[in-house]
């Protein structure tokens with residue numbers, strides 16, 4: 001197979017990429033590769049028989065079993081899949097093995113091109129304590145905090161924690177050095193909570209990451225979660241692609257993201273962008289990466305660097321016109337960046353909503369069930385990144401995120417309106433989703449005014465969110481319809497006396513052969 005034109009002059013040539021992932025991100029990467037003339041190989045385990053990403057790829061390799069450790073997390077199985085399929089490059093997506101430096105090294109040792117940052121950069125930014133030291137040396141602003149002395153007894157460590165917390169000031173956070181996603185993290189509001197919180201954080205860190213190292217830092221109350229998207233090539237080029245705001249979170253997991261942010265002035269954007277590039281240069285970063293900050297007023301503090309593609313990357317693609325997956329491919333091939341910093345300007349506003357199979361009214365617990373009806377919205381400025389189709393099943397084997405709904409419009413108000421309409425037109429039956437909750441967020445007056453700090457959900461729904469009931473009506477109608485052999489048709493009209501003109505209701509009519 002001849003090489004595509006864009007890569008024919010690249011130093012590192014590849015023609016077939018294996019995607020070491022699944023679901024919506026695998027589908028996204030496959031589409032990006034196909035547009036650039038690159039063949040794709042999917043991997044799948046027994047739980048993913050007939051999955052969407054398998055059908056989209058040019059080839060697929062079955063990894064026998066359902067256990068993640070022997071399939072999607074198995075170094076050996078994935079390397080063997082590369083070799084047997086003839087894939088000469090590997091894209092890890094996000095999650096799974098994307099931030100495992102030992103896997104990145106193994107990929108390279110087998111003569112396969114790793115579409116990601118160098119293993120040393122992954123190592124440096126994967127350890128929170130080590131990255132703090134590096135950022136301190138690089139003059140990147142840090143949240144006030146400290147490491148704990150190693151080798152001390154529990155009593156000595158608790159005494160040290162009391163001293164450090166007193167110096168930093170309550171509330172404080174105890175955080176796992178190897179952590180992420182809120183795991184191994186505990187908020188402490190008073191001295192009496194320190195010891196129990198430390199032990200809990202340590203236990204969770206060990207079980208989640210195999211490393212029980214914990215450090216302490218000040219909790220910045222009600223900040224915004226701002227991240228800067230970076231692209232760095234092998235020729236010394238480094239640019240930032242503006243900011244994303246990811247403050248709407250539940251249990252430290254992002255729910256709604258937008259770009260740009262209402263809180264970031266041009267001056268603050270420049271300062272944060274320069275700090276992010278300094279952070280990347282401190283670890284000789286190459287590829288697409290994201291530096292996350294906590295921001296409050298004119299202050300911002302380094303949180304962490306994600307050495308991979310982010311779930312929320314589409315909002316950046318919408319406002320900059322840059323395809324991040326395709327830039328990853330070009331960088332991995334050794335080509336220089338196509339654009340310079342002065343060519344990066346925001347165009348309109350983008351919002352992403354994560355569609356989860358979960359019960360938002362029951363503490364956001366995961367939900368399971370078949371996707372009997374899956375009717376995503378369509379129209380200008382609407383994009384859906386999904387790894388599921390009608391007839392698939394939402395199970396317990398993987399993350400409950402079903403899809404990402406992304407909209408783009410001329411300004412924030414128009415983007416909010418478009419997102420509300422898109423969510424209202426999104427019909428999912430057979431499994432409980434968070435769509436109704438997302439609609440309540442997007443129409444919340446505080447969200448509309450830009451008061452989107454990380455405590456947003458707890459602040460607006462202190463006693464938990466409860467459904468207005470429309471989704472339950474739809475589920476009941478689906479159950480009745482299935483039992484009676486009826487056909488369900490969605491219409492964009494209002495339910496009873498609802499003031500929402502885009503709230504779909506289900507009319508029931510008998511299907512005839």
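Any read-out appearing in this document is the output of simple, stated calculations on the displayed coordinates, not a laboratory observation. What you see is a predicted model; the values in this text were computed from it and never measured. Cβ sites come from the backbone with ideal geometry, for glycine too, and all protein chains shown count toward neighbours.
In table form, for the structure just shown:
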| item | result |
| --- | --- |
| Length gained when the stretch residue 299-residue 67 is fully extended (0.36 nm per residue, less Cα-Cα span) | 79.1 nm |
| Rounded Å value of the spacing that divides the Cα centres of the stretch 61-80 and the stretch 87-142 | 21 |
| 356, 72, 94 arranged by Cβ crowding within 10 Å, fewest neighbours leading | 94, 72, 356 |
| Sorted peptide list for 214-221, 44-51, criterion being average Cβ within 10 angstrom, highest first | 214-221, 44-51 |
| Estimated Rh, the stretch 319-389: Kirkwood, alpha-carbon pairs, angstrom | 16.3 |
| Inter-label distance, nm, simple model (7 Å from Cα along the C-beta direction), residue 208/residue 10 | 3.5 |
| Point-to-point label distance, residue 466-residue 75, nm (Cα→Cβ direction, 7 Å offset) | 5.2 |
| Ratio of the Cα radius of gyration of the stretch 185-283 to 2.2 N^0.38 Å, where N counts its residues | 1.38 |
| Theoretical FRET efficiency, 1/(1+(r/R0)^6), r = Cβ-Cβ of residue 167 and residue 130, R0 22 Å, to 0.05 | 0.50 |
| Ranked list, fewest to most other Cβ atoms within 10 Å of each Cβ, for 420, 162 | 162, 420 |
| Extended-chain gain in nm, criterion 0.36 nm per residue less alpha-carbon gap, residue 105 and residue 397 | 102.3 nm |
| Order of 443, 157 - criterion: other Cβ atoms within 10 Å of each residue's Cβ, fewest first | 443, 157 |
| When the stretch 144-218 is reduced to its Cα atoms, the Kirkwood hydrodynamic radius in Å | 11.9 |
| Descending principal axes extents, the stretch 255-330, alpha-carbon based, whole Å | 37, 28, 23 |
| Separation in nanometres of the label points that stand 7 Å from Cα toward Cβ, at residue 190 and residue 46 | 5.1 |
| Value of relative contact order over the chain, rounded to a whole percent, pairs C-alpha under 8 Å and six or more apart | 12 |
| Per-selection metrics, the stretch 5-115 (Cα): Rg and Dmax in Å | 13.0, 41 |
| Gain in span if fully extended, residue 284 to residue 338, counting 0.36 nm per residue against the direct Cα distance | 17.5 nm |
| The stretch 144-218: relative contact order in percent, alpha carbon pairs under 8 Å with at least 6 residues between | 39 |
